[in-house]
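The values are calculated or read from the model by the stated rules, or taken from the named source; none is laboratory data. Please read these numbers as outputs of a predicted model, since none were measured by experiment. Note: ideal-geometry Cβ built from the backbone for every residue, glycine included; neighbour counts use all protein chains shown.
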Amino acid sequence: MPVEFIGFITNNNASETIVRSGPVLDPPYIETVAKAHELAGFDRALLAFHSTTPDALQVAQHVLTITKQLKVMIAQRPGFTAPTLLARQLATLDQFYGGRVSLHVITGGNAIELRQDGNTLDDKDERYARTSEFLDVVRLEWTSEKPFNYSGKYYNVENGFSQVKPLQKGGIYTFVGGGSDAAVEVAGKHADTFALWGESYAQVRDVTARVRAAAARHGRPTPRFSLSVRPILADTEEKAWAKAEHILERATALQDQTGYRRPNHATDGAKRLLALADQGTRIDKRLWTEIAKLTGANSNTTALVGAPEQVAEVFADYYDLGVSHFLIRGFDPLVDAIDYGRALIPLTRKLIEARDQQRGIAAE
């Protein structure tokens, strides 16, 4: 099973440890980070969605324009754009840029933020039911060779049809994230890859089993799985842990300036990370939970700490649990992306390839 590395392209130079000093939308920075990801050997990069930030679809188009091979993973939230329109927008991009587009579906667990976009559907299970209908319609736009009708609770389409189809046969590759039972059910029906945050081995076993069961209920093959984590690397393990402590100190000192503080509402995914943090600061071999605890796990905030060889070994452990995609980003986004390409990414690929060869598994 091939392994894939996914990066993260921010709209400006900011993180839990870096206070933004430039504009909210910083094109030169975006271009530099995008090219750095491509040179570092990342397969694709995530463009995030938030109710107050620049539009990920347009940022992704710019990234595709200034890169040659890097794929994009465009986050979108159902309920904001008509599914027929989004399907055609993504299919058009996919045609323009050689099949380098993927969709990351984030239903959104924070009702306060969702209301900033006029989304007043507060019940989480209802939001996921709407997401399922949304993806039904999107897939029909991508694949139907004749006009179709769709009648649902949230979407009704009469004679829907898209003349433009994705370059990718069968539709654009789709990631689905979320921590609730409703999210798992949607993933079982629609996801090509289910996206987890950086959880423990035990939590990964639990979630992947639930998603596999959901896929089976819908008569689909098991989706692949992605893990999002923040590698903290140094030449030695001792130096890596010292670096982690420095990151914690800086993130704590800058919380008011960066805005990375505990939210008023924790999503199910955040609750899982916070429950993990309650078990200790270091989980399994080298999963570090302090930033998740500090910020309320308001994003993918667990880290893997160690020398590149040690972190690669943990990635191989997750691979053995069924994870084939690793979404990694650093606390210094540009510098860390370059650093990951020097050792972590090639080491992980080599280690997983060796494990597959030992098992007699051929690369796809």
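Filter region 211-248 for residues that are over 26 Å from residue 312 (Cα atoms), assigned to a helix (DSSP H, G or I) and either modelled with pLDDT under 95 or not small (Gly, Ala, Ser) (or both) and give the result. Once the filter is applied, which keeps residues that are over 26 Å from residue 312 (Cα atoms), assigned to a helix (DSSP H, G or I) and either modelled with pLDDT under 95 or not small (Gly, Ala, Ser) (or both), region 211-248 yields only 217. The residue that is nearest to the chain's Cα centre (by Cα), counting only those in region 128-165 that are β-branched (Val, Ile, Thr) and not in a loop (DSSP other than H, G, I, E, B), is 131. Annotation note: Cβ proximity below 8 Å between a residue of region 344-355 that is over 13 Å from residue 309 (Cβ atoms) and a residue that is in a helix (DSSP H, G or I) and among the aromatic types (Phe, Trp, Tyr) (sequence gap 6+ or interchain) occurs for 352/315; 352/319; 355/319.
Exactly one residue out of 171, 188, 179 is of a type in the set (Gly, Ala, Ser) and part of a helix (DSSP H, G or I): that is 188.
Please state which of the following conditions residue 261 fails to meet, knowing it meets all the rest: (1) over 19 Å from the mean Cα position of the chain (by Cα); (2) closer than 30 Å to residue 181 by Cβ; (3) touching a residue at least 40 places away in the same chain (Cβ under 8 Å). Among (1) over 19 Å from the mean Cα position of the chain (by Cα); (2) closer than 30 Å to residue 181 by Cβ; (3) touching a residue at least 40 places away in the same chain (Cβ under 8 Å), residue 261 violates only (3). Here region 249-268 is the region considered, the condition is being small (Gly, Ala, Ser) and at pLDDT 80 or above, and the residue that is surrounded by the most Cβ atoms within 10 Å (Cβ to Cβ) is 251. Scanning region 1-27 for residues that are modelled with pLDDT under 95 and in contact with an Asp or Glu (Cβ under 7 Å, 6 or more places away or on another chain) yields 1, 2. For the subset of region 294-314 comprising residues that are under 20 Å from the mean Cα position of the chain (by Cα) and assigned to a helix (DSSP H, G or I), which member is modelled with the lowest pLDDT? Within region 294-314, the match that is modelled with the lowest pLDDT is 295. Considering each of 52, 81 in turn, give the residue that is without any contact (Cβ under 8 Å) to a residue 40 or more places away in the chain, in a loop (DSSP other than H, G, I, E, B) and either in contact with a strand residue (DSSP E or B) (Cβ under 6 Å, 6 or more places away or on another chain) or surrounded by fewer than 19 Cβ atoms within 10 Å (Cβ to Cβ) (or both). Every option except 81 fails the conditions.
Among the criteria (1) at positive phi; (2) surrounded by 15 or more Cβ atoms within 10 Å (Cβ to Cβ), the one residue 159 does not fulfil is (2). Just to be sure, is residue 187 crowded, with 23+ Cβ neighbours inside 10 Å, in contact with a strand residue (DSSP E or B) (Cβ under 8 Å, 6 or more places away or on another chain), of a type outside the set (D, E, K, R) and touching a residue at least 60 places away in the same chain (Cβ under 8 Å)? So residue 187 fails the test. Among the residues of region 273-304, those that are farther than 22 Å from residue 259 by Cα and basic (Lys, Arg) comprise 282, 285, 286. Taken over region 267-299, the residue count meeting the criterion of being farther than 17 Å from residue 16 by Cβ, of a type in the set (Gly, Ala, Ser) and in contact (Cβ under 8 Å) with a residue 60 or more places away in the chain is 1. What about residue 14, is it farther than 22 Å from residue 99 by Cα, aliphatic (A, V, I, L, M), touching a residue at least 60 places away in the same chain (Cβ under 8 Å) and surrounded by fewer than 21 Cβ atoms within 10 Å (Cβ to Cβ)? Yes. Screening residue 104 against (1) touching a residue at least 40 places away in the same chain (Cβ under 8 Å); (2) over 21 Å from residue 189 (Cβ atoms); (3) not in a helix (DSSP H, G or I) leaves a single unmet condition, (2). Scanning region 107-127 for residues that are part of a loop (DSSP other than H, G, I, E, B) and surrounded by 13 or more Cβ atoms within 10 Å (Cβ to Cβ) gives 107, 108, 109, 110, 117, 119, 121.
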